[in-house]
Structure formats: structure tokens, C-alpha cells
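A quick write-up on the structure given underneath.
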Amino acid sequence: MTEPKSSASIDSSVETVACGLDAEALGASSIIVVDDTFVLRDRLSLAFQQRGFRVEQAGDYDEAIARFSSRPTDLAVIDLRMPGRSGLDLLISIKRIHPETKVVILSGFGSIATAIDAVRMGATNFLSKPADVDDILNAFVRGDQPQSHASDGSEFPVPSLARAEWEHIHRVLSDCSGNISEAARRLGIHRRSLQRKLRKRAPDDPGSE
């Protein structure tokens, strides 16, 4: 009896699916999935494999560094909370080893402050769980949009903390299909606190006047 493929490195010989974003559309050929939950890791890995990626798997920081050091990938999907060192630690290490790798952080406890920290540390995007392969690939696309430039060619400043918080709240709310109770749970704040934040207007970006 042939054992199912659940090894740390998955060959990308499987026929790619005909719908949704894929490796060619993103201009990337490889991805590493790092999550201590085997079922989730294996499910995402198979889905990425079907989209044409060479897939690496790891269950924690040490395993991820060992695999990534020997076979760097174009993309990385990292769980925030794992046994031992965190996903943010891994994000920093991956960026040191291969700065060109784009990283999306996943978390079942999507606090606003952590999302902002992840992006400032170099993450392309931050997603609340549950997230499927389309959510993740779209997160890479959204985070890879060209930076806006002023008329003199200079880049606009990084959004303020208030603006980044506002955008993250509305992104999580959208992921929850407008369900305020579920969005509050994922954000780790009280439902009433979320309602107060939602009533506020979007803060202006620095230098937008």
C-alpha cells in the first residue's frame, strides 16, 4: 500500500486546478507552510500543490529554519502561535536568510497590535483564521500592490497606527461577513468596543492633506 504524501517537501507534479490564483499568476514557484497543527498544514500544502507550487512543510520554528535554509521559498505562510518561538520570530529569521521571500502571518487570535507589528517587521499581510488557499493567495496580492507615490516621485509615508488599526478592523469584519460578534472575538476585544471603533471615521494618512 502506497503511503499518502505528507512529507515536509511536496513535489509539485500534481495537475493544477483551473480556478483561482495560482503560482503562475503570482509569479512565484514555491511556498513554505508553517503550522503546528498537522491537519491544517497538510490541507493547505495540498491546496498550494494543486495551484502549481513546490511546497515545503514545517511544524515549528526550528524545523522551518532547517528546511528554509536548505531550500528557500518565494512565499511563506506562518502561524503566529506555535510551540517554542513564535511566528514573528520566524518572520524575522526568514527575512534575514532570504529578504525577497514574501510572508503572510496567520492567527486565530488576530489582535490589532500584533497585525501591525507583523507588517512593520516585513510581513506582506496578516490574516485571521480560518483562512483557505484563496484567502492566503489574495492576501499576497493585496499586500504586493505598488506603493503610491506623490507627484514629485517620493513615496507616501507609512500609514499611521490609527489608520492601520482602522484598516485591520474592517478587513477582519469583512472576513467575518459583517458579523460583529465574530469579528470582536477574532480581534480579542469586547463587542461594544468594536462597535465604538466602527462608528469612527477612517483616520487620515500622514501627509495626505
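The values are calculated or read from the model by the stated rules, or taken from the named source; none is laboratory data. Computed from a prediction, not measured in an experiment: that's the story for all the values here. All Cβ positions, even for glycine, are placed from backbone atoms using ideal geometry, and neighbour counts span all protein chains on display.
Determine whether residue 108 is surrounded by fewer than 22 Cβ atoms within 10 Å (Cβ to Cβ) and under 24 Å from residue 188 (Cα atoms). Yes; evaluated as a whole, the condition is true for this residue. Reported count of residues in the range 60-74, each being surrounded by 18 or more Cβ atoms within 10 Å (Cβ to Cβ) and under 19 Å from residue 88 (Cβ atoms), is 6. Summed over the range 46-59, residues that are surrounded by 20 or more Cβ atoms within 10 Å (Cβ to Cβ), assigned to a helix (DSSP H, G or I) and more than 17 Å from the chain's Cα centre (by Cα) total 1.
Residues satisfying the criterion are absent from the range 76-84 (criterion: under 14 Å from the mean Cα position of the chain (by Cα), surrounded by fewer than 21 Cβ atoms within 10 Å (Cβ to Cβ) and modelled with pLDDT of 90 or more). Every condition in (1) in a helix (DSSP H, G or I); (2) closer than 30 Å to residue 182 by Cα; (3) basic (Lys, Arg); (4) in contact (Cβ under 8 Å) with a residue 12 or more places away in the chain holds for residue 43 except the one numbered (4).
Residues in the range 85-125 that are touching a Gly at 6+ places or on another chain (Cβ under 7 Å) and part of a helix (DSSP H, G or I) were compared, and the one that is farthest from residue 28 (Cα to Cα) is 91. Scanning the range 85-110 for residues that are more than 23 Å from residue 130 (Cβ to Cβ) and within 13 Å of the chain's Cα centre (by Cα) gives a single hit, 101. Against the numbered list (1) loosely packed, with under 14 Cβ neighbours inside 10 Å; (2) at pLDDT 80 or above, residue 145 comes up short only at (2).
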